[in-house]
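Undergrad: The structure that follows is given in the form of structure tokens.
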Amino acid sequence: MRLRVLLVAVLAAGVAAASAHASARPLRASDAALLKRPPTPEEMIAQNVAARLTRLHPEVRCGPLGISVPAGALVTGITLIPSHGPAGYFLLLPEMCNYLAWFREDPLRYDPSACTDSESGCEKTDELAALALATVSHESYHVLGYRNEAQVECYGVQSIWFVATSLGASVAEGQRIAQFYWTHIYAEREKATPAYWSPECRDGGKYDLRPKSHSWPS
Ligand SMILES: [Zn+2]
């Protein structure tokens, strides 16, 4: 099943780095060139959303993540977390950046409710778009200092709607995309990537960001 092949692999990592600097100063030498150049339009899109979500000003660059990934796995973003203070930047796979830009051009193209013919491949593109939105929200919580991947992923899922609406989607579409991610991607994590899954990620669970609301995940 094509869907499963992709989903088994999806990770968005946070890696602790030994540095006291909270600016966008490179935490790895290999990131220096990326951070040195001005952001592309796609990177500006991601940066603006991350700034809205975190109320910080992380820099975002699209490029190689600089980590080795197990065969068959897909890591879509990475945040280097300094030992003190917030992270100054995160990196996204170029494919994720492309989806952010395409999403902003035409959010309705990625509305899961419009995907009625799974043979057309729309499920896969909807999934990659949802993944791109979720990667921005996931990394944003790392920027805020959270390190526990299950907690970060859960908070990220609950903020997919925010990323979607920041890029021009209606609230209703943002909620549909979050629901799509929840059922198609998050549900796979319990077995596929258990470090990114928690039974407390649910309405009323420990990681529920809006305990007074029974709407889930957004
Ligand atoms: Zn992570």
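Rule-based calculations on the coordinates, nothing more; no lab input. If you're wondering where the values come from, they're calculated on a predicted model, not measured in any experiment. Every residue, glycine among them, receives a Cβ derived from its backbone with ideal geometry; neighbour counts consider all protein chains shown.
Undergrad: For the chain, what proportion of DSSP beta bridges, expressed in % and rounded to the nearest 5, is antiparallel?
TA: DSSP beta bridges in the chain are roughly 20 percent antiparallel.
Undergrad: Magnitude of the Cβ-charge dipole of segment 2-196, K/R +1 and D/E -1, about the Cα centre, nearest 20 debye?
TA: Its charge dipole is roughly 660 debye.
Undergrad: Specify the inter-centroid distance of segment 80-100 and segment 158-218, based on alpha-carbon positions, in whole Å.
TA: Centre-to-centre distance over Cα atoms comes out at 20 Å.
Undergrad: Starting from 0 in steps of 10 Å, tell me what percent of the Cα-Cα pairs of segment 69-198 lands in each bin.
TA: It works out to 13, 44, 35, 8, 1, in whole percents.
Undergrad: A further question follows. Within segment 135-211, report the GluC sites (Glu not before Pro) that DSSP leaves as loop and that have at most 14 other Cβ atoms within 10 Å.
TA: 200
Undergrad: Sort 110, 99 so that the residue with the fewest other Cβ atoms within 10 Å of its own Cβ comes first and the one with the most comes last.
TA: 99, 110
Undergrad: Next question. Where does each of 40, 79 land when they are ranked from fewest to most other beta-carbon atoms within 10 angstrom?
TA: With the fewest neighbours first, 40, 79 line up as 40, 79.
Undergrad: Same structure again: What whole-number volume per residue, in cubic angstrom, does the convex hull of the C-alpha atoms of the chain give?
TA: 114 Å³
Undergrad: Which value in deg cm²/dmol, rounded to the nearest 500, describes the helix-derived mean residue ellipticity at 222 nm for the chain, given -39,500 (n - 2.57) per DSSP H run of n ≥ 4 and division by the residue count?
TA: When only DSSP H runs of four or more count, the value is -12500 deg cm²/dmol.
Undergrad: Tell me, 171, 60 in order of fewest to most beta-carbon neighbours within 10 Å?
TA: Ascending Cβ contact count within 10 Å gives the list 171, 60.
Undergrad: Determine the principal axes of the Cα atoms in segment 126-218, then give the extent along each, sorted from largest to smallest and rounded to whole angstroms.
TA: For segment 126-218, the Cα extents along the three principal axes come out at 31, 29, 26 Å.
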